[in-house]
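The values are calculated or read from the model by the stated rules, or taken from the named source; none is laboratory data. Not measured: the values here are computed from a predicted model. Here the Cβ is made from the backbone with ideal geometry for all residues, glycine too, and neighbour counts use every protein chain on show. These accessible areas exclude ligands, DNA and RNA; they are computed on the full protein's heavy atoms, side chains included. Shrake-Rupley method; radii C 1.70, N 1.55, O 1.52, S 1.80 Å.
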Amino acid sequence: SKSSGYTLVAGDDQRLVVTNSNITVPTGVFSAGDAISIYNNSSSNITINQGGTMYLAGTSSTGNRTLSQRGLATIVCVSSNTFAISGAGIS
C-alpha cells in the first residue's frame with residue numbers, strides 16, 4: 001500500500017500495488033511477461049506515468065494514463081521498455 005507518489009520496482013512484478021497517489025513505470029526495470037496491477041484506493045483520479053512506451057491495450061494510443069477513483073489497471077511488459085495497460089477506469 002502506497003500513500004505518496006511511487007515508482008514501480010522489479011519486486012512489484014506479479015503484485016498488486018494499492019495506492020492513492022501517482023505511479024511511474026520506469027525504463028530498464030521490467031522484462032517481457034512481467035505484470036503489475038494497480039488499484040486506486042482513493043476518491044480522486046491518479047496518473048500512471050509512462051517510462052518507455054505504454055500503449056492503451058487494443059489501441060495505438062501511447063502516453064500517461066489516468067486511473068479513476070477505485071479503478072483497477074494491469075500493466076504488462078511486452079518487450080524492452082514497451083508496456084500495455086488495461087483495466088477498469090483507465091483513460
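In table form, for the structure just shown:
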{"quantity": "Asn81 being more than 15 Å from Ser37 (Cα to Cα) and either among the aromatic types (Phe, Trp, Tyr) or in contact (Cβ under 8 Å) with a residue 40 or more places away in the chain (or both)", "calculated": "yes"}
{"quantity": "Residue match in region 1-19 (condition: farther than 14 Å from Ser91 by Cα, among the basic types (Lys, Arg) and at pLDDT below 95)", "calculated": "yes"}
{"quantity": "Selection count where residues are in contact with a helix residue (DSSP H, G or I) (Cβ under 8 Å, 6 or more places away or on another chain), aliphatic (A, V, I, L, M) and over 14 Å from Leu72 (Cα atoms), scope region 1-59", "calculated": "1"}
{"quantity": "Pair list, Cβ under 7 Å, 6 or more apart: region 28-49 residue on the phi > 0 side of the Ramachandran plot, other residue part of a loop (DSSP other than H, G, I, E, B)", "calculated": "Gly28/Asn81"}
{"quantity": "Members of region 25-54 found to be under 17 Å from Gly87 (Cβ atoms), among the β-branched types (Val, Ile, Thr) and part of a strand (DSSP E or B), listed by number", "calculated": "Ile36, Ile38, Ile46, Thr47, Ile48"}
{"quantity": "Meets criteria (at pLDDT 95 or above, open to solvent by less than 50 Å² (accessible area, probe 1.4 Å) and within 19 Å of Ser1 (Cα to Cα)) for Asp34", "calculated": "no"}
